[in-house]
Each structure stands twice: as structure tokens, then as C-alpha cells.
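Before any comments, here is the structure.
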């Protein structure tokens, strides 16, 4: 079959794309970077797509020619500059579904979320629910797939849970009794492929859940055991304090920690397994089984341990540049700064310009690092500035390299830290 899939390079979308290719289907992958997707899957037909822009029916009609099935796997857990819930979860999917009706697409499979129902309260679930409701009213065949937490290679939510389980003190919202029913990505993929190939009419909502619920506290314990970290110690965080902390989680980078995520986690996330087994004829694997099948590799142990250290490294580097700029501008004696500039040959008229120009560079690099703005470019600029400063001081002020506090020798580990930041923050 000719299948168009949106969000093809996302966690769920990438696994579905590979599974559909393995089954011999012709896959049209809607992606932001067609060349990158083509290198990953030479067998696909990449289509340049931006869900934050393509929210009109006309944008989709040309892409749907000859398409048998559409799978919408676009989803975000937190809003950022590149996407909002209402646009990515409601407006653009509805435009896509309208275009599918006009183009005569045979079937649409919407990857929604467990909890996007009448009890929904978060913007994440509410935006998903609106697109689901529109699709149910369409004249074409449809299926709304509502998975619980999905885990497996590349899962961001489970990566967060692994990182939390690796902490010396594992934070729990209230007592950590919130139930979740995670499903492995291989079971989700198997189920969605079966829906793609299923004869007859679907027109149904389908919950995708694991075999049994598990408390968040027990989930952390299982993951910590899998990571071979020994027994964990827990600390209870009151719900209201958890909400307050989540508001500042944006400084940690692209983590799934948000105020709404905390609210959704407190509610729990479980469903009924019997309809799943009745429809697909198999029982999804348990978390224990999935963990036992693949012992924790070194990469997972490193990732869990470095998860929260990566943003802390970025914040500390940002602090260094901001602190240096502030001290140079307001605290360090100006006469001494001008004297050092004179030693390297800067004439008096240029000394204020050079001093405050350097201050501006430090502050700009610090702010860009703080907000993770174009980090690759910023990191390269930081390395260049440090090498330039170090070379100038080596040639004209070599005595600073002999300072017992390591005023200049600290640049060497700083350079390494910037490179590590660049690698760890790379998308």
C-alpha cells in the first residue's frame, strides 16, 4: 500500500516508518529535513513538511495523490518556539483530515494519547481530543489510537524516568502511587501495522496499554535495578511544590518536565487491556519482560547519569561568561583593565572600546548559552574567543599563566567542557 506518515522522524513515527518498510509498503514520509530522512531510509519518498506552517487544506492535497492510508504521528509533549499544541495537535491535523476526505484517502490512523477524552484537562490532551473528534465525524474510515506512555529505544518520557531513577534521591509526587500502564514501542508498532493492513471498516477508538498498571514508585525501582544502581532512596515532593518546580524546568532544555506533565502524571494513565487482546490477538510484553530482554547497555547508564548534568553544564558555562562580563564591566578596577590592555599594545583611545567590546561579547555569549540559542555556533565562538584571549596573554602577559590559582590554565578544562556541552546538547 501507499502510506503517508507525518512525524516520520519522531520516536513513534520512526519506528512505524521502519516497520512499514519492512512489510513492503511504499512510505511517503512527511519530514522537515528530506535529505536527512532519505539517508536514514533510502526506500522512502520524503516530503518536506512543516506542521507549524502547513495548516491549510491546500497544502496537503498534492501530497495525498494515490495514498491509501495516512498515519498522523505528530506530537509534542511541551510547547516551544517551533510548535504549539493547538497548531500541531489540532489545526494542522484537521486540515490534513479534511484534505484526506477531498482526496479520497481510504483510511486515516490518528496517533492520539490515552487521556484525550471527556476527562481531559491539559492543553496537550485537549488539543489531541479536538482533532480526534473531528476525525470521528469524517466520512472516511478511521482509527484513533490512544497509547499510554510508550517506551523503547529513543523514548523521551522513559529517558526522563530512567534519569530520575538514577538520582541519589528519587523525587516522588506525593507518595508516588500514581498508576501508569506503559506499552513497548514494538507492541505499538505491531498493532498500528495491523490496523493499516486490516480489511473492512475500522471506525474505532483503540487504547494501547501494557499488560498491567505499575506505580510510578515501582517503575523507578525497576529501572534503577535494570541500570544496576542498587536500591533507591526516595524523597516525597508535595504536589504543589512539584508544580512550582516544573515551571522552571525549561532551563533544563528539551525535557518532558512541564506543569501539565506533572498534572497528568498525578492523574495516572491506565486503560483496559482486554479490547487490545481481542482486536490484535496478542498480549503486549510487560515492562519486566522488556527490561529482561535487553540488559542495560553502557550508553543507557551514561545517559541516565548525565541527563540532568548536561543542562547544568550548559548553565554553568553560561554563568561563567555572564559573570566574567559583569565583573569586567562593574567590579574589577577599570584602571587595571586599561593597564593590561596597554601592555598588549592597545593605545589609550581604544582601551574603553576594547574593554566594553569584550564585555559585550562575554554577555552575549553567556545569554545565548543560557537560552540554548544556536548552541553549535555559540560554542564555536566561545572556543575561538578563549583561544584568542589565551594566545594574546601567552605572548604579551605570560606571567598570568604562572598564577597559582590557575587563572589561565583553567581555560584548558573549560575548552573541553564546551566541547562536551556541544556534543551533549546536539539535537
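The values are calculated or read from the model by the stated rules, or taken from the named source; none is laboratory data. Note that the structure is a prediction, hence the values are computed from the model and not measured. Note: ideal-geometry Cβ built from the backbone for every residue, glycine included; neighbour counts use all protein chains shown.
Only one of the listed residues (21, 4) is closer than 22 Å to residue 147 by Cβ and in a helix (DSSP H, G or I). That residue is 21.
Within the range 344-379, the residues that satisfy the criterion of being in contact with a helix residue (DSSP H, G or I) (Cβ under 6 Å, 6 or more places away or on another chain) and within 23 Å of residue 394 (Cβ to Cβ) are 344, 346, 351, 354, 355, 359, 362, 365, 379.
Among the residues of the range 58-73, what is the count of those that are part of a helix (DSSP H, G or I) and surrounded by fewer than 18 Cβ atoms within 10 Å (Cβ to Cβ)?
Looking only at that region, the number is 4.
Give the number of residues within the range 219-245 that are modelled with pLDDT under 95 and part of a helix (DSSP H, G or I). Final tally of qualifying residues: 7. Determine if the range 74-89 includes at least one residue that is within 21 Å of the chain's Cα centre (by Cα), farther than 26 Å from residue 185 by Cα and surrounded by fewer than 16 Cβ atoms within 10 Å (Cβ to Cβ). Scanning the range 74-89, I find at least one residue that is within 21 Å of the chain's Cα centre (by Cα), farther than 26 Å from residue 185 by Cα and surrounded by fewer than 16 Cβ atoms within 10 Å (Cβ to Cβ), so the answer is yes.
Does residue 370 satisfy the condition of being at pLDDT below 95, over 30 Å from residue 227 (Cα atoms) and surrounded by 15 or more Cβ atoms within 10 Å (Cβ to Cβ)? Against the criterion (at pLDDT below 95, over 30 Å from residue 227 (Cα atoms) and surrounded by 15 or more Cβ atoms within 10 Å (Cβ to Cβ)), residue 370 qualifies. Among residues that are in contact (Cβ under 8 Å) with a residue 12 or more places away in the chain and in contact with a helix residue (DSSP H, G or I) (Cβ under 9 Å, 6 or more places away or on another chain), residue 426 is included.
State which residue is farthest from the chain's Cα centre (by Cα) when the search covers only the range 29-47 and only residues that are more than 13 Å from residue 4 (Cβ to Cβ) and either part of a strand (DSSP E or B) or without any contact (Cβ under 8 Å) to a residue 12 or more places away in the chain (or both).
42
Each residue in the range 9-28 was checked for being surrounded by fewer than 15 Cβ atoms within 10 Å (Cβ to Cβ) and either within 22 Å of the chain's Cα centre (by Cα) or within 18 Å of residue 111 (Cβ to Cβ) (or both), and 1 pass.
Here is a check on your reading of the model: is residue 98 closer than 24 Å to residue 15 by Cβ, assigned to a helix (DSSP H, G or I) and at pLDDT 95 or above? Against the criterion (closer than 24 Å to residue 15 by Cβ, assigned to a helix (DSSP H, G or I) and at pLDDT 95 or above), residue 98 does not qualify.
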